[in-house]
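S.K.: This is the structure I have questions about; it appears just below.
The values are calculated or read from the model by the stated rules, or taken from the named source; none is laboratory data. None of the values given here were measured: they were computed from a predicted structure. A quick note on method: Cβ atoms are made from the backbone with ideal geometry, for glycine too, and the neighbour counts reach across all protein chains shown.
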Amino acid sequence: MDRRRRMYGKVFKSHIFGTRTIVSTDSEVNRIVLQSDAQAFVPFYPKSLTELMGKSSILLINGGLQRKIHGLVGAFFKSPLLKHQITKDMQNYVQLSMDKWREDQPIYIQDETKTITFQVLIKALINMNPSPEMEILKKQFQEFMLGLMSLPVKVPGTQLYRSLQAKKGMVKIVGIIIQSRRNAIAGNTFTVPKDAVDVLLKDGSELLTDDLIADNMIDMMIPGEDSVPVLITLAIKYLSDCPAALHQLTVLGLFPMLLPISNKFTLPMLI
C-alpha cells in the first residue's frame, strides 16, 4: 500500500478483496468523506464482511430501523446503571486475571485486556458470566473475526467458510438467550433491563426479530477484540512511562471527595 501511495499519490485506485477500490491516505479527503451525510457517500464493505455481518447488521441497514437500534442501545450504554455495572465487573475481572499472574512469567497486557474487555462486553450485551459456554462463544468469535477481511471465497476449507460456520454457532447461542427472554416477557417475569438484549426486546417492535438482535449483538462484540484492548494497552504503557501521571490518577481515584469543587468540573474523566 505504501509503495502504491508513493507511485500514484495520496488518493489512488486499487483492487482489494475482489472489488475495485479508491484508497485515500489523505487526512483532509478522509475528513470530508467521514463527516459527509449518507447522500454524498454511501457506506460500502468488502463482500466477505457483508457475508459475515448479515443483512440485519446495523452497519448495512439504513433509515428508521438503524436509528432505532442505535438510539436504544446507545442510550443503554450511556446509562448510569450500566456504567456502575461495568465499573464493578471490570474491577472483578481484572482482579481474577491478576490472581493468575506469576512473577516468573511475562504478562502480555494486550492479551489480558482482550480477555477482560470481552468478558465485560458480553455481560453488557447478553448478560453472560465467565463460563464454559462463554469460552465456546469466544473461540467462535475469534474464528469469526478472522474472516472479516478474508478473500470472498465461500467453499469448505476457506477462511470465509470457517468464519460463517462460527457465526452460525454464535447465532445459535445468542438465539437461545433471546428466546428465554421472550418467554420471560410472555410470562410477565421480565424485570429492569440488564443488558442490550433486554433493551431491544422491551421495545416490542416487530422489526426487531430474533435474528436481527442476534446479528447485532455479535457485531457489537467486535470493539472488544481490537480497538478497546489496544487503547487500554496504550494507556497502561504511557502511564508506566509517566509515574507522576500514574500517581495523580491513583490519588484522584482513591480520594476524589478531597478535590476542590472547581477541579471536579475541570477533570470529569478522572472522577
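S.K.: Applying the selection to the range 192-248, what residues are small (Gly, Ala, Ser), farther than 16 Å from VAL171 by Cα, touching a residue at least 60 places away in the same chain (Cβ under 8 Å) and in a helix (DSSP H, G or I)?
M.R.: Result: GLY224, single match.
S.K.: In the range 1-90, which helices (runs of 4 or more DSSP H) lie fully inside it and hold 3 or more residues that are outside the structural domain of PHE141 (by TED's automatic domain parsing) and hydrophobic (A, V, I, L, M, F, W, C)?
M.R.: Of the helices (runs of 4 or more DSSP H) lying wholly inside the range 1-90, those with at least 3 residues that are outside the structural domain of PHE141 (by TED's automatic domain parsing) and hydrophobic (A, V, I, L, M, F, W, C) span 27-35.
S.K.: So ILE22 clears everything in (1) out of contact with any Ser or Thr (no Cβ under 9 Å at 6 or more places or on another chain); (2) within 26 Å of ASP219 (Cβ to Cβ) except one condition, right? Which one?
M.R.: Unmet condition: (1).
S.K.: I've got another one for you. Taking the range 117-131 only, how many residues are farther than 11 Å from LEU82 by Cβ and either basic (Lys, Arg) or outside the structural domain of VAL197 (by TED's automatic domain parsing) (or both)?
M.R.: 0
S.K.: Hey, among PRO130, PRO152, PRO156, which residue is assigned to a loop (DSSP other than H, G, I, E, B) and either closer than 16 Å to GLY54 by Cβ or among the β-branched types (Val, Ile, Thr) (or both)?
M.R.: Unique residue meeting the criteria: PRO152.
S.K.: Also, quick follow-up: Restricted to the range 25-72, and to residues that are surrounded by 14 or more Cβ atoms within 10 Å (Cβ to Cβ) and among the β-branched types (Val, Ile, Thr), which residue is farthest from ILE218 (Cα to Cα)?
M.R.: THR25
S.K.: I'd like to know if the range 57-77 contains one or more residues that are modelled with pLDDT of 85 or more, under 30 Å from VAL192 (Cα atoms) and touching a Pro at 6+ places or on another chain (Cβ under 9 Å).
M.R.: Yes, the range 57-77 contains a residue that is modelled with pLDDT of 85 or more, under 30 Å from VAL192 (Cα atoms) and touching a Pro at 6+ places or on another chain (Cβ under 9 Å).
S.K.: I would also like to ask the following. Filter the range 180-191 down to residues that are modelled with pLDDT of 80 or more and either among the basic types (Lys, Arg) or in contact with a helix residue (DSSP H, G or I) (Cβ under 7 Å, 6 or more places away or on another chain) (or both) and give me whichever is surrounded by the most Cβ atoms within 10 Å (Cβ to Cβ).
M.R.: Ranking the qualifying residues of the range 180-191, first place goes to ARG181.
S.K.: Now for a different question. For SER97, are the conditions met, namely being over 30 Å from ILE16 (Cα atoms), in contact with an Asp or Glu (Cβ under 9 Å, 6 or more places away or on another chain) and not acidic (Asp, Glu)?
M.R.: yes
S.K.: Find the residue count for the range 211-235, including only residues that are more than 20 Å from ILE126 (Cβ to Cβ) and hydrophobic (A, V, I, L, M, F, W, C).
M.R.: 5
S.K.: Quick one: which of LEU137, LEU151 is touching a residue at least 60 places away in the same chain (Cβ under 8 Å) and either under 19 Å from the mean Cα position of the chain (by Cα) or under 17 Å from PRO46 (Cβ atoms) (or both)?
M.R.: LEU151
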